[in-house]
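In what follows, a single structure is set out as structure tokens and then discussed.
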Amino acid sequence: WAKADGKARWTLFDPERNAHRMTRQALASTLRPAIERDEFVLEYQPLVCMEDGRLRGVEALVRWNHPQFGMLTPNRFIGLAEEDGSIVQLGRWVLATACRQARQWQLDHPDEPPIFVSVNVAVRQVWDSDLVADVAEILAETGLEPQLLQLELTESAVMGSAGRPLQALQALSDMGVGIAIDDFGTGYSNLAYLSRLPVSVLKLDGSFVRGFQYEGEGVPPNPADEVVVEAMIQLAHRLGLTVTAECVETSAQAARLRRIGCDTGQGWLYSRPVPPDRISGLLGLVVR
Ligand code: C2E
Ligand code: MG
Ligand code: MG
Ligand code: MG
């Protein structure tokens, strides 16, 4: 029991919740210095062509190598960084690091077809920073071709985007940078609207693929999922978009996704997110 705010009232003291709140505060207050101290690292997860099983690209995923709390996944700090605006600085670091790495793979393996790198972009990076200028500068500095960079934005970041965000997307797309809609299907999806934006890829949210979670024959837990996904893929293709499925964990899921026309797969079946040197070993290989 603890006394709340010095008032004559007693509230239940939950040590776990308190620890969580303290950690949150500790993390929030050290975000900016941590960027300067270089405490963030990127892992890369393969994006695999479903038809030939080859590595086509990777998604860059940020981790915080925290001196006190150890390796933290983004769900612990991206929200905080969005709240206090440090996501703009962190996002710029992620972009620059990922582009430099993609160029390095290309230089280290000149005989293999180059792979693209896909980078998550937060809404605030589109609104509160000059994303277009940052991307142009980073591409020029690293020497990475724009065609080898893809940006992942969520539906909520682009839906109803008029003015500034739409201009930014258009400018990036004109530059040759690919735009993907992340976690597609979780928001107020409007494919007709999306098709009018300069978007080239839909990343189907993992929750759809999870409905396929059964091995071999038999009745899937949610048979409707497969019907919905197949229809979404067909519609996306007719609108000129390609489709990537997230969270592909089993070969049965991959087989079904391939059969219904999904272009690219990402998930533990192929590889977990790994450090950059592990990606070098996968270049030119059939990952399936
Ligand atoms: P996301 O962009 O949808 O990334 C995919 C997430 O799914 C990653 O989690 C990845 O590790 C996980 N995943 C991949 N394959 C599988 C699978 O087969 N099964 C399951 N259960 N999960 C799988 P992670 O790395 O924890 O990242 C979580 C989210 O944090 C990302 O979701 C993205 O929204 C955000 N994020 C990561 N890096 C950045 C970044 O640099 N900037 C911004 N703004 N957000 C980022
Ligand atoms: Mg993503
Ligand atoms: Mg995603
Ligand atoms: Mg997701």
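The values are calculated or read from the model by the stated rules, or taken from the named source; none is laboratory data. Predicted model, so just to flag it, every value in this text is computed and none were measured. Areas reflect the complete protein model, heavy atoms only, side chains present, ligands, DNA and RNA absent. Shrake-Rupley method; radii C 1.70, N 1.55, O 1.52, S 1.80 Å.
Tabulated values for the structure
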| read-out | value |
| --- | --- |
| Å³ per residue enclosed by the Cα convex hull of segment 66-152 | 114 |
| Over the chain, volume per residue of the alpha carbon convex hull, in Å³ | 173 |
| Segment 92-171-segment 260-288 distance, computed between alpha-carbon centres (Å) | 20 |
| Estimated 222 nm signal from helices in the chain, with DSSP H stretches of n ≥ 4 weighted -39500 (n - 2.57), rounded to 500 | -13000 deg cm²/dmol |
| For Trp93, solvent-accessible area (1.4 Å; no DNA, RNA or ligand), Å² | 60 |
| HN-Hα J in Hz across segment 60-67 - Karplus 6.51, -1.76, 1.60, θ = phi - 60°, x for Gly and Pro | 7, 10, 7, 10, 10, 7, 7, x |
| Acute angle (nearest 10 degrees) that the helix 15-36 long axis makes with the longest principal axis of the chain, alpha-carbon atoms | 70 |
| Between 0 and 90°, nearest 10: helix 163-175 axis offset from the chain longest Cα axis | 40 |
| Tilt relative to the chain, helix 223-238 - C-alpha long axis, 0 to 90 degrees, to 10 | 70 |
| Heavy-atom SASA rank of Tyr270, Tyr193, Tyr44, Tyr188 (probe 1.4 Å, accessible area, largest first) | Tyr188, Tyr193, Tyr270, Tyr44 |
| Segment 18-98 - Rg over Rh from alpha carbon coordinates, Kirkwood radius | 1.08 |
| Solvent-accessible area per residue, Å², over segment 139-288 with all protein chains present [probe radius 1.4 Å] | 46 |
| Segment 1-152, relative contact order in percent, only Cα pairs under 8 angstrom and at least six apart counted | 19 |
| Of all DSSP beta bridges in segment 50-205, antiparallel share, percent nearest 5 | 15 |
| The chain - percent of accessible surface contributed by carbon and sulfur, probe 1.4 Å | 52 |
| Residue-normalised accessible area of segment 5-86, expressed per residue, 1.4 Å probe, Å² | 59 |
